[in-house]
Amino acid sequence: MFKMFISKELKKKILAFFDNIFTIETNYFTVGGFKKKISYFLKLGNVPAHIADRIRFQIYPKVLLSASFPTHLEVEAASKCQMKCPMCWTTYMKEDVKGIMKMDLYKKIVDEAAANNTFSIKLSWRGEPMLHPKLMEMIKYAKDKGIKHVAFLTNAELLTKKKCHELLETGCDWISISADGVDEIYNQIRFPAKFDETVEKVKYLKKIRDEKRLKKPLIRVQSILTAVENNSEKFYKTWEKVADKINIIADQLRDYQIDETKLEYNNYFMCPKPFQRLAIAHDGRVHQCISDYHGKNILGNVNSQTVKEVWNGEKNKKLRDSFKKHTFLKENSACRQCAYTFKQEKGELKTLVDNLSMKVKRYPSVPDIVTDGKLSVETPEQLIPKSKVEEYKKILKKMN
């Protein structure tokens, strides 16, 4: 009887509300589920502070609250990358907007963050952070200032033995390796890197970490979903004893030329990002979020403003309000090209070893990167000139 008095629109809002309350991650799925997440959480240390941070980071957004200062900062060490992976928007960015962050700007950001008790900083976003010549110095500076968790994502191609040893001296809390699929699928997506070589590099990092009886950096490995669907057993067995955590990510083809009229949106999606973090590009501009690759909505610039001024500024307040009012798709063009706002469908990745299946979600509007074990988009090898490949090889040879 009660159902008769609820409109379809109100029902959607109610379902969306509860989905938002009980969903922590919409596109990251950890092999081993909740138990593995708890184990990883405990390994990270700083447990009381981390619990307090998780309340601000995960619970506040669900009740439409934000702390007085971001609990987490995405600080882009470098926006350029030596790879041309097909599912990364950086591949399609113009070269004149790429670069590395200057140290004086970086220190200004970290000093303010430390003074306001920011819990974590990630030194990666659109590009490969290991292209920054002072990355290790950046990590150590943040740790010395008291930032509890400092980390970065990398494709690991530049993770030489020398860099592994340097990394252990910085106090880095975790490093995430983007390793999509295995063997030829990996080689195609991550060209010119080679799967076996990448595995050996990460194994070496773990080996020397354990030999020195260090707990950190923790090692996280992640792959897009379709890259592992046909070879999930080998993927799992390869990384099982190397990584502290293995994540599978729903495919998110960030193609800015995508036809918005063919996308299926979740009109009641509640994005947590405006309530928990800021994304600071290498040049100091603060983008709407980590999905606003091209700066469609610039919230401010920390060259001339403080982080706090941007965080509490009118543009960020307006962004938060657009989610509160469910008008975010109309008001923010960056949201219309963000996979997080697309409708999802549930599924199950059943082919992991030892009957270790896991619940996953995918975006029907997003084309699969890999179909039937083959790359279904333009390969990086087609996108990278041969002259550039030789240039990369020379760089790697020097670093080794």
*asked:* Can you give the log10 of the normalised intensity I(q)/I(0) at q = 0.10, 0.17, 0.20 Å⁻¹, computed with Debye over equal Cα scatterers of the range 135-285?
replied: -0.45, -1.12, -1.30
_Integer Hz, Karplus 6.51/-1.76/1.60 couplings in order for the range 75-86, x for Gly and Pro_ = 10, 7, 5, 8, 9, 9, 8, 7, 9, 10, 5, x
*Environment charge at Glu74 (Cβ cut-off 10 Å; Lys +1, Arg +1, Asp -1, Glu -1)*: +3
_Which three numbers, in whole Å and largest first, are the semi-axes of the equivalent ellipsoid of the range 26-81 derived from its Cα gyration tensor as √(5λ)?_
21, 19, 14
*What spacing in nm lies between the two simple spin-label points modelled at Val97 and Glu184, each 7 Å away from Cα in the Cβ direction?*
3.6 nm
*Whole-Hz ³J(HN,Hα) from phi, Karplus 6.51 cos²θ - 1.76 cosθ + 1.60, for the range 188-201, glycine and proline x*: 6, 5, 9, 3, x, 5, 10, 4, 4, 5, 5, 4, 5, 4
*Mind ordering 31-38, 276-283, 358-365, 287-294 by average Cβ neighbours within 10 Å, highest first?*
276-283, 287-294, 358-365, 31-38
*Long pairs among Lys36/Lys241; Lys145/Lys318; Lys37/Lys201; Lys8/Lys359; Lys140/Lys273, criterion Cα-Cα beyond 22 Å*: Lys145/Lys318; Lys37/Lys201; Lys8/Lys359; Lys140/Lys273
_Per DSSP, loop GluC sites (Glu not before Pro) in the range 85-152 with at most 10 further Cβ within 10 Å_ = none
*For the range 140-217, what number results from the quotient of the Cα radius of gyration and 2.2 N^0.38 Å?*
1.18
*Given the Cα-Cα distance of Lys315 and Lys8 and 0.36 nm per residue of separation, how much length would full extension add, in nm?*
107.3 nm
*Could you work out how far apart the two model spin labels at Lys108 and Lys374 are, taking each label as a point 7 Å from the Cα in the direction of the beta carbon, and quote it in nm?*
5.2 nm
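Throughout, read-outs are computed from the coordinates displayed, never taken from laboratory work. This one's a predicted model, so the numbers in the text were calculated from it and none came from an experiment. FYI the Cβ positions are ideal-geometry reconstructions off the backbone, even for glycines, and counts take in every protein chain you see.
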